[in-house]
Amino acid sequence: MKLSEILKDVEILEKQGDLELEITNLGSDSRKLSYGALFFAIKGFTLDGTKYIDSSINNGAVAVVVENDFNMENCKDGITYIKVQDIRYCLAICASEFYGNPSKKLKVIGVTGTKGKTTSTFMIKSILEKHGYKVGLIGSIAVYIGNEELEITDRTTPESFVIQKYLAKMVEENVDIAILEVSSQAMVLNRVTGIEFDATLFTNLTEDHISPKEHKDMEDYFNAKLSLMKISPYIVTTADNSYTARIPKLITNSKICIFGIDNKSEIMAKNLRPTNSNTTFTLLKNEKEDDITVSIPGEYMVMNALGAISISSYFGATVEDFKKGLSDVKVFGRSEMVPNKLGLTIMIDYAHTPSSLESILKTVKPYTKGRVICTWGVGGDRDAKKRPIMGEISGRLADYTVLTSDQVRTEEPIKILREIETGLKEETNQYSIILNRTEAIRFAIKMANPDDIIVIPGLGNDLYIEYNNVKYPYDERVVIHDIIEEILENKNKIF
């Protein structure tokens, strides 16, 4: 495609070179380019893309997009340079054009919120597939077309050009509906700019992502997510959250469907019957009542199910689709039970906020004969105010807590755990601090018996641990397996 065609909807502040070049690929990572590339030299939080212009040219870039503070006297001979005001916005618009504006050829659902995004996307996908649609999904676990996993992802919402590439792939594969997890940062950084959404779901908003690198306060966080609703003709949200309950008054030019459990809503659930493996509830919709079983336990999973039901209904899904789609849905790293040779009950979850930790512990506690052993930590370089709050929750609801490292990033691990401990020790003295996550899991497994449950929140579907900007491979399922194999081997040696 000609560079001029890719740039047709972009305001160019200054240019140097030929705009009639043929562009064969584009992106913001100089290492992944090939000949004929259009390179976007983005200045991010930690990396300055202008320092990689030479690298991009060496890898085949023939044109470079720069921001308005770039000195055009530094341009390389034979390379086209385009200066723009907002380079991330420009990247999103150019990517959409380069890949043929694929969102116009699909039905697109966006899902945002603090909790429940990933689970909700999988529930929606399952329901819509039962209705007969071919569904694609781009989210924090992986990119899927149907049951095919195209790529494991390491962030909630990929960069804009990655999303557009996969949407184009979905068009090629005759996908009917694409589902996207959309983070607040994705909205701030224009990752979904250029995508035409047909419907959006806002699950909830709770304390999270308040830090110097993210949002200054909850209102800023809310407005970032609200911006997704403003570009959607159909909105699904809940009356049971103080933030999302404001949406009908803030957005008046879209159709809005409200769901809930505690507040009067268009679609509701009552008579919840949870067990340690699933939850059955009575769905109230269109003045009819139907029993629905969700294959994941917990009241918060019923809320996720209501959101999925509400948005799937817009695309024609029926009660039978809800029943079939929700009865067997499984989500990697969300209330995931880990089978093991010791017969222990071990659950991996992604809970990393006060409300999500409280929800998971309140879910398992009534159905656990023995102790609830909670092995966890929180991420570094994120909202520190939640740490003692989460410590208090674990101290109050778990019978024993093992504090350990999570995604520490660039913070000191022991500092994070000491901040959690201030809240924890106000509730209990039944806890240990073990910095090494593997050793902490080993400690929990060795102290547990078959009547107990070990809950390991935090990493969920993450298959790495990040320390000082390096991501080290780490799969808790493998860690658990290896620890138990070692325990069994040592037992055999004794006997």
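Suppose we filter GLU489, GLU485, GLU439 for residues that are in a helix (DSSP H, G or I), farther than 17 Å from LEU342 by Cα and either of a type outside the set (Gly, Ala, Ser) or in contact (Cβ under 8 Å) with a residue 12 or more places away in the chain (or both); which single one remains?
Criteria check complete, one pass: GLU439.
Tell me which residues, restricted to the stretch 127-138, are open to solvent by 10 Å² or more (accessible area, probe 1.4 Å) and assigned to a helix (DSSP H, G or I).
Correct list: GLU129, LYS130.
Could you list all residues from the stretch 7-48 that are of a type in the set (Asp, Glu), without any contact (Cβ under 8 Å) to a residue 60 or more places away in the chain and open to solvent by 80 Å² or more (accessible area, probe 1.4 Å)?
Quick first cut of the stretch 7-48, residues of a type in the set (Asp, Glu) only: 9, 11, 14, 18, 20, 22, 29, 48.
Now drop any that are not without any contact (Cβ under 8 Å) to a residue 60 or more places away in the chain, which leaves 20, 22, 29, 48.
If the condition is that a residue be of a type in the set (Asp, Glu), without any contact (Cβ under 8 Å) to a residue 60 or more places away in the chain and open to solvent by 80 Å² or more (accessible area, probe 1.4 Å), then GLU20, GLU22 are the ones that fit.
Could you please give the count of residues in the stretch 242-261 that are exposed (fewer than 13 other Cβ atoms within 10 Å of the Cβ), assigned to a loop (DSSP other than H, G, I, E, B) and under 26 Å from the mean Cα position of the chain (by Cα)?
1
Take LYS8 and tell me if it is in a strand (DSSP E or B) and either modelled with pLDDT of 95 or more or out of contact with any helix residue (DSSP H, G or I) (no Cβ under 6 Å at 6 or more places or on another chain) (or both).
Values: in a strand (DSSP E or B): no; either modelled with pLDDT of 95 or more or out of contact with any helix residue (DSSP H, G or I) (no Cβ under 6 Å at 6 or more places or on another chain) (or both): yes.
It is false that LYS8 is in a strand (DSSP E or B) and either modelled with pLDDT of 95 or more or out of contact with any helix residue (DSSP H, G or I) (no Cβ under 6 Å at 6 or more places or on another chain) (or both).
Can you pull out every residue in the stretch 152-203 that is out of contact with any helix residue (DSSP H, G or I) (no Cβ under 6 Å at 6 or more places or on another chain), open to solvent by 20 Å² or more (accessible area, probe 1.4 Å) and assigned to a helix (DSSP H, G or I)?
Once the filter is applied, which keeps residues that are out of contact with any helix residue (DSSP H, G or I) (no Cβ under 6 Å at 6 or more places or on another chain), open to solvent by 20 Å² or more (accessible area, probe 1.4 Å) and assigned to a helix (DSSP H, G or I), the stretch 152-203 yields VAL162, LYS165, TYR166, LYS169, GLU172, GLN185.
Spot the failing condition for SER356; the list is (1) without any contact (Cβ under 8 Å) to a residue 12 or more places away in the chain; (2) within 19 Å of the chain's Cα centre (by Cα), and only one is missed.
(1)
Go through the stretch 116-155 and give me each residue that's hydroxyl-bearing (Ser, Thr, Tyr) and over 19 Å from GLY27 (Cβ atoms).
If the condition is that a residue be hydroxyl-bearing (Ser, Thr, Tyr) and over 19 Å from GLY27 (Cβ atoms), then THR118, THR119, SER120, THR121, SER126, TYR133, SER140, TYR144 are the ones that fit.
Looking only at the stretch 230-240, which residues are within 17 Å of GLY113 (Cα to Cα), surrounded by fewer than 23 Cβ atoms within 10 Å (Cβ to Cβ) and free of Cβ contacts under 8 Å to residues at least 40 places away in the same chain? First the steps, then the outcome.
So in the stretch 230-240, the residues within 17 Å of GLY113 (Cα to Cα) come out as 230-232, 234-240.
Now drop any that are not surrounded by fewer than 23 Cβ atoms within 10 Å (Cβ to Cβ), which leaves 230-232, 234, 239-240.
Matches in the stretch 230-240: LYS230, ILE231, ALA239.
Looking at the stretch 279-302, which of the residues that are within 23 Å of the chain's Cα centre (by Cα) and part of a loop (DSSP other than H, G, I, E, B) is surrounded by the most Cβ atoms within 10 Å (Cβ to Cβ)?
Residue satisfying both the conditions and the ranking: ILE296.
Got a sec? Which strands (runs of 3 or more DSSP E) wholly within the stretch 26-85 have at least 1 residues that are of a type in the set (Asp, Glu)? Please lay out each step first, then the result.
Working: elements: 37-40, 61-67, 80-84.
The strands (runs of 3 or more DSSP E) meeting that bar are 61-67.
Only one residue in ILE124, ILE109 is under 26 Å from SER313 (Cβ atoms), in contact with a Ser or Thr (Cβ under 8 Å, 6 or more places away or on another chain), not in a helix (DSSP H, G or I) and not polar (S, T, N, Q), so which one is that?
Selected residue: ILE109, the only one of ILE124, ILE109 that is under 26 Å from SER313 (Cβ atoms), in contact with a Ser or Thr (Cβ under 8 Å, 6 or more places away or on another chain), not in a helix (DSSP H, G or I) and not polar (S, T, N, Q).
Considering only the stretch 394-433, state which residues are under 25 Å from the mean Cα position of the chain (by Cα), buried (at least 22 other Cβ atoms within 10 Å of the Cβ) and part of a helix (DSSP H, G or I).
Residues satisfying the conditions are SER394, ILE416, LEU417, ILE420.
Name every residue in the stretch 450-495 that is over 18 Å from the mean Cα position of the chain (by Cα) and at positive phi, in order of residue number.
Correct list: ASN468, ASN469.
Which residue is farthest from TYR474 (Cα to Cα), if the candidates are limited to the stretch 315-344 and must be open to solvent by 50 Å² or more (accessible area, probe 1.4 Å) and not in a loop (DSSP other than H, G, I, E, B)?
GLU320
Check GLY391, GLY370 and return the single one that is in a loop (DSSP other than H, G, I, E, B) and either in contact (Cβ under 8 Å) with a residue 60 or more places away in the chain or open to solvent by less than 20 Å² (accessible area, probe 1.4 Å) (or both).
Within the list GLY391, GLY370, the selection yields GLY370.
Just checking, how many residues over the stretch 204-223 are open to solvent by less than 10 Å² (accessible area, probe 1.4 Å) and assigned to a helix (DSSP H, G or I)?
Looking only at the stretch 204-223, we keep the residues that are open to solvent by less than 10 Å² (accessible area, probe 1.4 Å), and these are 205, 208, 215, 221-222.
Narrowing the set further to residues that are assigned to a helix (DSSP H, G or I) leaves 221-222.
Counting residues in the stretch 204-223 that are open to solvent by less than 10 Å² (accessible area, probe 1.4 Å) and assigned to a helix (DSSP H, G or I) gives 2.
Would the stretch 65-86 turn up any residue that is among the aromatic types (Phe, Trp, Tyr), within 29 Å of VAL188 (Cβ to Cβ), open to solvent by less than 40 Å² (accessible area, probe 1.4 Å) and in contact with a Lys or Arg (Cβ under 7 Å, 6 or more places away or on another chain)? Please lay out each step first, then the result.
From the stretch 65-86, those among the aromatic types (Phe, Trp, Tyr) are 70, 81; that's our starting set.
Restricting the remaining residues to those that are within 29 Å of VAL188 (Cβ to Cβ) gives 70, 81.
Filter again for open to solvent by less than 40 Å² (accessible area, probe 1.4 Å), leaving 70, 81.
Add one more test, that the residue is in contact with a Lys or Arg (Cβ under 7 Å, 6 or more places away or on another chain), and what stays is 70, 81.
Yes - at least one qualifying residue is present in the stretch 65-86.
The values are calculated or read from the model by the stated rules, or taken from the named source; none is laboratory data. Nothing here was measured: the structure is a model prediction, and the numbers come from that model. For neighbour counting, all protein chains shown are included, and Cβ atoms are generated from backbone atoms with ideal geometry for every residue, glycine included. Keep in mind that these areas ignore ligands, DNA and RNA; they rest on the heavy atoms of the full protein, side chains included. Shrake-Rupley method; radii C 1.70, N 1.55, O 1.52, S 1.80 Å.
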